[in-house]
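For reference, the structure discussed in these notes is given below.
The values are calculated or read from the model by the stated rules, or taken from the named source; none is laboratory data. Note that the structure is a prediction, hence the values are computed from the model and not measured. With ideal geometry, Cβ positions are generated from the backbone for all residues, glycine too; neighbour counts draw on all protein chains shown. Just the protein is used for accessible areas: all its heavy atoms, side chains included, with ligands, DNA and RNA removed. Shrake-Rupley method; radii C 1.70, N 1.55, O 1.52, S 1.80 Å.
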Amino acid sequence: MGTAISCICLGGFGVNFINRVYTYNKDIKFISINDDTHHKCMATIKLNSWKKIIDLIKSGELCCDDIYFLIVNLGGSWGGEVQKIYRKLQVKVKYIIVIACMPFSFEIDNANRAAPILESLQNTIKYITIFYNDKYLNGAQKDTIFCEVLRKIDEDIIYYIRNFVSNLHI
């Protein structure tokens, strides 16, 4: 049996990420936390509050996998909740990796909200990787459809997860 991987994906970004990558990554347990609707989300576990995941962690129901990835777009309203979830998981799980996506610069309010959250995360989280959405947009061909940019970000996140896990040798 391989390494058990769970991805806790936060907010609308997380739900969209799951829906775009689930089909080809069914060996990963996807958990979505979003206060909006989950009706089309392909996550294994669907929660509507970060407090509910804290309850699952405290009860031990959620801490049975080897590695947890917390995936969040820092421009949304979920950036501040990452630390709360991380702290609870940290007590029970050996490997917790935060994958933080910075909003596109044209999302001005989101970009402004993300900077202090990122600084705080970098000061408290052992394993954190940042994906800069603008890098993907700026590197795209002029006629590239926006959803192709998002797909490339998703592919790189999945590649990062797979590479991280394979380098641990657990």
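Name the residues in the range 117-129 that are open to solvent by 100 Å² or more (accessible area, probe 1.4 Å) and part of a helix (DSSP H, G or I), would you? Answer for the range 117-129, where residues must be open to solvent by 100 Å² or more (accessible area, probe 1.4 Å) and part of a helix (DSSP H, G or I): Glu119, Asn123.
When the range 22-37 is filtered for residues that are surrounded by 13 or more Cβ atoms within 10 Å (Cβ to Cβ) and out of contact with any strand residue (DSSP E or B) (no Cβ under 8 Å at 6 or more places or on another chain), the ones remaining, listed by number, are Asn25, Asp35. Would you please list the contacts, defined by Cβ atoms under 6 Å and residues six or more apart or on different chains, that run from a residue in the range 1-22 that is within 24 Å of Met102 (Cβ to Cβ) to a residue that is open to solvent by less than 40 Å² (accessible area, probe 1.4 Å) and in a helix (DSSP H, G or I)? Every condition considered, the pairs that remain are Cys9/Phe17; Cys9/Ile18; Phe17/Asp154; Arg20/Asp154; Val21/Asp154; Val21/Ile158.
Figure legend. Inter-residue proximity from the range 130-149: first residues in a helix (DSSP H, G or I), second residues open to solvent by 60 Å² or more (accessible area, probe 1.4 Å) and of a type in the set (D, E, K, R), beta-carbon distance below 8 Å, spacing 6+ or different chains. Indicated pairs: Tyr136/Lys152.
Selection of the range 89-113 for residues being within 18 Å of Lys126 (Cα to Cα) and open to solvent by 80 Å² or more (accessible area, probe 1.4 Å) yields Gln90, Val91, Lys92, Lys94. Assuming Phe104 fulfils every condition listed in (1) among the hydrophobic types (A, V, I, L, M, F, W, C); (2) over 19 Å from Tyr160 (Cβ atoms); (3) part of a helix (DSSP H, G or I) apart from one, which condition is it? For Phe104, the failing item is (3). Selection within the range 56-83: residues that are assigned to a helix (DSSP H, G or I) and more than 14 Å from the chain's Cα centre (by Cα). The member of this set that is surrounded by the most Cβ atoms within 10 Å (Cβ to Cβ) is Ile57. Here Lys40 does not qualify as in contact with a His (Cβ under 8 Å, 6 or more places away or on another chain), farther than 29 Å from Asn167 by Cα, open to solvent by 50 Å² or more (accessible area, probe 1.4 Å) and not in a helix (DSSP H, G or I). Of all residues in the range 9-25, those satisfying the criterion of being within 20 Å of Lys52 (Cβ to Cβ) and either among the hydroxyl-bearing types (Ser, Thr, Tyr) or in contact with a helix residue (DSSP H, G or I) (Cβ under 7 Å, 6 or more places away or on another chain) (or both) are Cys9, Leu10, Phe17.
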